[in-house]
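The values are calculated or read from the model by the stated rules, or taken from the named source; none is laboratory data. Because the structure is a prediction, the values reported are computed rather than measured. Heads up, the Cβs are rebuilt from the backbone with ideal geometry, glycines too, and the neighbour counts pull from every protein chain shown. Areas reflect the complete protein model, heavy atoms only, side chains present, ligands, DNA and RNA absent. Shrake-Rupley method; radii C 1.70, N 1.55, O 1.52, S 1.80 Å.
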Amino acid sequence: MLQIMEGSHAVAEAAKLCRPEVVSAYPITPQTHIVERLADFVADGELDAEYICVESELSALSVCLGSSATGSRVYSATSSQGLMLMAEVVFNVAGMRQPIVMSIANRALGAPLSIWNDQQDSISLRDAGWFHLYGEDVQEMTDQHFIAYKAAEQHDVLLPGFVCFDGFILSHTYEPVDIPTQEEIDAFLPPYVPYNKLDAKAPLSMGMYATPDYYMEFRYETDAALQRAGDAISAAGKEFGEMFGRDYSTHTESYRMDDADVAFVALGSICGTVKDAIDEMRADGIKAGLVKIRTLRPFPAEEIAKALAGVPTVAVLEKNISLGSAMKGAVGPEVKDAVTGTGIDVYSYIVGLGGRDIRKKDIRGIAALAEKGKGNMFYGLRTEVL
Amino acid sequence: MRELRIHGRGGQGSVTAAELIATAAFKSGVYSQAFPAFGVERRGAPVQAFVRFSDEKVRLRSQIYEPDYIIVQDSSLIADVDVFSGVKEGGIALVNTENGTVEGVPDGVKLITIDATSLALEILGLPITNTTLMGAFAAATGEIELKSLEEALSERFSGPLAEKNIAAARRAYELVKEGQ
Amino acid sequence: MALRIGCAAEPGRARDNKTGSWRVFMPVVDLEKCILCGNCILLCPETAVSENDGQILFDLDFCKGCGVCARECPAEAISMIQEEK
Amino acid sequence: MVDKSLELFDCGHRACGGCGPALLARLILKGAGEDTIIVASTGCMEVFSTPYPETAWKVPWIHSLFENAAAVASGVEASLKHNNRTEKVICICGDGATFDIGMLCISGAFERGHDITYICYDNEAYMNTGIQRSGATPYDASTTTSPAGRLSMGNSRPKKDLPQILNAHGASYVATASVAYPMDVMKKVEKAVNTPGACYLQVHAPCSTGWGFDGSKTIEIGKQAIECGLWVNYEMENGELTKAKKVRRVPVEGYLKAQKRFRHLFKPQPVTEEIAKIQAIADANAVKYGIDIQLNE
């Protein structure tokens, strides 16, 4: 049943429905409403979980790691600087193959300090071994939590996942969302069955160190598991669709891509604005389309190549910057690589950093630049202050 | 799609107003979306919040530059902020003011004034104008039904506080209806 | 052997590493002097000393020859001797 | 009860001969028993005991990072608590992981009061990376990052009083021990794991390689530290000092002379004013903890 709710509260509801045994997080804007709501749930007896208030994000994810290794399903949420403070643990959790799900309310990284949205935080950790899901609206980001746990906990995956959504733009927006019931989620997401756990009845050493004789093989295994996570996400997304009518069996979503002359590729909430802009452009005779990436890791290269086949020009909208790189954006080179040899022109456009608003007219402007072959650039710079 | 921009000051409940209007609109049967102009503003600083109403799912995420409606929670803001910026022709500006006169309203924009502060003081005992203005907005625009607004208020507040806020919203609704 | 997920292992495998090969000096106990106090057993960093039926036994697969047992033996019953390998 | 015959730390680990921390690992598990989960930090003990796939640990053991053992242990404890499990949770971490890089996580875990025992094996420097100074390195000890030299007498700062810091967190049991007194270590471990809440145990664990003495002398050096008053074995319960090991104190010279890390205090000639400063540290310890055996006792 649809109800209207703040994005953060919908995420908190989703986390609660997944029945985590331990929740540990450290408050950071714009993630705070999620963890405050979860604290309420625990305080009111609506969620039977240990809620551990920690002194830093480093500890938040470390607590989750400890609990996960002991056999519990766990949950955390963070953003921006918090994710950076966790970074060492982020890599560690993936290497230790703990299926932790963490919400990321995407926010820019300092300096300069910015509390506003872009996706630099999660994108900076795209190589850490977690799968990355990006939601376009409150419904999608809510649903992705259920899918994330289901995929993460498969024994042929056993990897953690980020569920990313744009800070403020989605976390603080009220909009209609369908929150499944506990019975429905219990049917979709069975109790967590750990593959390994700390247990005095069956001692095991976890997180040992590997010499050069083994290290590469462990990294190989983690990469292979992350590739398998793609299939697990699809399978969970398909099953979710069958149960709830919202299908997430694909890692991308194509919007008006038939006969498109220019295709946008984007992640997250900007996709909604892009869809509205495409409708207007189409009405004016400009054949534009969108390939929305829902799963950034594992990177759905084949799916993207298929979606973009036959489109002459691709504009990747990047709410991140890979400082010093040739294309400037982090996602552009991967899209370009996915369509290599096809003659498709791929350009990155750096937009919306640090909360800069993105309007339909900006999307049109970028399409015009791409068709002229101008790209790999910032869009919307206030040149008057430079 | 219709769009509302709310101008207020930190602490006046602009964000809550946006949320409750969106909630009431949703209960009235339309898709709605509410969000604040995310900032670091402290109490007293000018703030904005936004609401979209549509018969279809709202996808657009940009801020609102050409609103159909604005609510100005405090007429003193008019000197600080260009509250009328971009308001569409035929749009409605709902302004809280004691004396009923407002400078700078663009041509083609319908001005509706209400002394929400006095009303709130009288009914709530506090100068918190947002619920009063919600009632006035319902009457001025027809975007939300009074019944849905009352429902939204009773979900957000409880007990006597809910009753008082509903009374304030209803009273403002009636005043604006009478004035039309 | 397949890699254990997450770089984990069950106990027992440390014994694959026969640290006795590190040894230069070897402990030898003089049973006449030994008072079976168990100090050498308790203080061995290698868990390589045990007692069986009134005899102190050194597990030469693992004894690194550090000599803590000899030095801490209150009866001075243990001597460290150069080992011929 | 302490079971001296219980062996839960296996042969085959790669510690140096005569390793104080390796002996301590054995003693801790004898004191704690098999219903125990160990959380390790990165460090010398972690490296010598768990090269994949050769683990020396016969109880469940987990290592995550250098600085986060106390937080990982908090999570382990939370999970156990949620599932009504009975295992005891023990952190075993070096002094670098404890005094320096792990302080944030330790402070958080103690403030939250998790039912864990945090044991620092204190060998007074970063041994794993090659004997660099830590907050636990004693005054004037020469390490690779606090070397003695023409203008340096070694480490210029006294050892941080970490037990007092954790005492100030409200820990119900804070104690120090030394591998030189194994029964005392085992008893204190047993007491700590059976005391509810976060407990701290700091154990002097001489490192022959880092301190510069023959591996056979590990116990002897540990005893000398106690006998001169530079290390004090004591217990604090609910904030109060309840017990301290009394000694007939000897001058600090003997302890210092026995280790290469203090050699610069004696060669080419004794630096009497520096030795006097170290003696003053021992004297202050003696007063603070009341460890001197009086002649009439």
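Report yes if some residue within segment D:84-99 is part of a helix (DSSP H, G or I), more than 7 Å from chain A (Cβ to nearest Cβ) and open to solvent by 10 Å² or more (accessible area, probe 1.4 Å); otherwise report no. No, segment D:84-99 contains no residue that is part of a helix (DSSP H, G or I), more than 7 Å from chain A (Cβ to nearest Cβ) and open to solvent by 10 Å² or more (accessible area, probe 1.4 Å). Looking only at segment A:143-198, filter to residues that are of a type in the set (Gly, Ala, Ser) and open to solvent by less than 10 Å² (accessible area, probe 1.4 Å); which one of those is farthest from the other protein chains (Cβ to nearest Cβ)? My answer is A:ALA148.
Answer yes if at least one residue in segment A:290-311 is within 14 Å of chain B (Cβ to nearest Cβ), more than 30 Å from A:MET1 (Cα to Cα) and either more than 17 Å from the chain's Cα centre (by Cα) or basic (Lys, Arg) (or both), and no otherwise. No, segment A:290-311 contains no residue that is within 14 Å of chain B (Cβ to nearest Cβ), more than 30 Å from A:MET1 (Cα to Cα) and either more than 17 Å from the chain's Cα centre (by Cα) or basic (Lys, Arg) (or both). Among the residues of segment B:102-152, those identified as farther than 22 Å from B:GLU66 by Cβ and in a loop (DSSP other than H, G, I, E, B) are B:ASP115, B:LEU124, B:GLY125, B:LEU126, B:PRO127, B:ILE128, B:THR129, B:GLU145. For segment D:63-75, indicate whether the set of residues that are under 30 Å from C:GLY20 (Cβ atoms) and in contact (Cβ under 8 Å) with a residue 60 or more places away in the chain is non-empty. For segment D:63-75, residues under 30 Å from C:GLY20 (Cβ atoms) and in contact (Cβ under 8 Å) with a residue 60 or more places away in the chain: absent.
Is at least one residue of segment D:115-125 assigned to a strand (DSSP E or B), surrounded by 23 or more Cβ atoms within 10 Å (Cβ to Cβ) and charged (D, E, K, R)? Yes, that holds for at least one residue. Yes or no: D:SER146 of a type outside the set (A, V, I, L, M) and within 14 Å of chain C (Cβ to nearest Cβ)? The answer is no for D:SER146. When the residues of segment D:68-82 are filtered to those that are closer than 18 Å to D:GLU46 by Cα and more than 7 Å from every other protein chain (Cβ to nearest Cβ), the one that is surrounded by the fewest Cβ atoms within 10 Å (Cβ to Cβ) is D:ALA70.
Regarding A:GLY268, is this residue within 14 Å of the chain's Cα centre (by Cα) and either modelled with pLDDT of 95 or more or open to solvent by less than 20 Å² (accessible area, probe 1.4 Å) (or both)? Answer is yes for this residue. The set of residues in segment D:25-52 being under 13 Å from D:ASP3 (Cα atoms) and either open to solvent by less than 10 Å² (accessible area, probe 1.4 Å) or without any contact (Cβ under 8 Å) to a residue 12 or more places away in the chain (or both) consists of D:ARG26, D:LEU27, D:ILE28, D:LEU29, D:LYS30, D:GLY31.
Please enumerate the residues belonging to segment D:194-214 that are within 11 Å of chain C (Cβ to nearest Cβ) and open to solvent by 10 Å² or more (accessible area, probe 1.4 Å). Correct list: D:SER208, D:ASP214. Of the residues A:ASP276, A:ASP258, the single one that is open to solvent by 60 Å² or more (accessible area, probe 1.4 Å) and either under 29 Å from A:SER171 (Cβ atoms) or out of contact with any strand residue (DSSP E or B) (no Cβ under 6 Å at 6 or more places or on another chain) (or both) is A:ASP258.
For segment D:136-152, a residue qualifies if it is out of contact with any His (no Cβ under 7 Å at 6 or more places or on another chain), crowded, with 20+ Cβ neighbours inside 10 Å and of a type outside the set (Asp, Glu), and the qualifying residues are D:ALA136, D:THR137, D:PRO138, D:ALA141, D:THR143, D:SER146.
The residues of segment C:1-17 that are facing chain D (nearest Cβ under 9 Å) and surrounded by 13 or more Cβ atoms within 10 Å (Cβ to Cβ), listed by number, are C:LEU3, C:ARG4, C:CYS7, C:ALA8, C:ALA9, C:GLU10, C:PRO11, C:GLY12, C:ARG13, C:ALA14, C:ARG15, C:ASN17. Which ones in segment B:1-19 are more than 9 Å from chain A (Cβ to nearest Cβ) and crowded, with 21+ Cβ neighbours inside 10 Å? Scanning segment B:1-19 gives B:GLU3, B:LEU4, B:ARG5, B:ILE6, B:HIS7, B:GLY8, B:GLN12, B:GLY13, B:SER14, B:ALA17. Looking only at residues in segment C:63-85 that are away from chain D (no Cβ under 13 Å) and without any contact (Cβ under 8 Å) to a residue 24 or more places away in the chain, the one that is surrounded by the most Cβ atoms within 10 Å (Cβ to Cβ) is C:LYS85. Of all residues in segment C:18-62, those satisfying the criterion of being farther than 26 Å from D:ASP3 by Cβ, hydrophobic (A, V, I, L, M, F, W, C) and either at the interface with chain D (Cβ under 10 Å from one of its Cβ atoms) or buried (at least 19 other Cβ atoms within 10 Å of the Cβ) (or both) are C:TRP22, C:VAL24, C:PHE25. Residue count for segment D:33-67, restricted to those that are more than 7 Å from chain A (Cβ to nearest Cβ), aromatic (Phe, Trp, Tyr) and within 17 Å of C:ALA9 (Cα to Cα): 1. The residue list A:ALA210, A:ALA266, A:ALA200 contains one member that is among the aliphatic types (A, V, I, L, M) and touching a residue at least 24 places away in the same chain (Cβ under 8 Å), which is A:ALA266.
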